[in-house]
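Here is the structure we will look at.
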Amino acid sequence: MLAPAQAIPGVQKACAFDVSTNTAVNGWRPVNSVVSVNDGPTSRYILVNFNADAGVDTLAEIRVGYSIDGGPVQIFGAQNFANHTEYWQTRHNMVVMVVPSGTHTIRPYWRISGSVGKNGVMGARCLTAEAYTS
């Protein structure tokens, strides 16, 4: 008997439930979530969705970027992930990126944009990546 098909294969999704903190002086820090996507023999568009429960100090914001295969952090769309609110909120970032042919890892990174001493917190989060095939 065949197993039912999944909308997103296991290597293309990652969820974590720990709590991570960051400060403005740290710069870009990796999020503890990595996915792998194989886009076949040609370059393709990859749809990446990242969400997390997040909070940040007043006069600061959380910014999000992505690294492909351990390379430098890149911005593929909107990067302002969270502004200060009274309570943590679930935040979402969706980007479309082009990656070369083959198998690649994608990892989100986050930083706090604000003055020295500003902090941010990220809790439960999920990351997915899907290759577009026509």
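When the convex hull of its Cα atoms is viewed from all sides, the stretch 1-125 shows a mean projected area of 8.8 nm². Ordering 115-125, 18-28 by mean Cβ neighbour count within 10 Å, with the highest value first, yields 115-125, 18-28. Note on the stretch 91-128 and the stretch 6-50: Cα centroid distance 7 Å, given to the nearest whole angstrom.
Say R0 is 35 Å: what FRET efficiency, to the nearest 0.05, do VAL116 and CYS15 get from their beta-carbon distance?
Values: r = 32 Å, r/R0 = 0.92.
The pair VAL116/CYS15 has a calculated efficiency of 0.60.
Take the Cα of TRP88, step 7 Å toward its Cβ, do the same at LEU47, and the gap between the two points is 2.8 nm.
Bear in mind that the values in this text are calculations on the coordinates, not laboratory data. Quantities reported herein were computed from a predicted structural model and do not represent experimental measurements. Don't worry about glycine lacking a Cβ; one is built from the backbone with ideal geometry, like all the others, and counts go over all protein chains shown.
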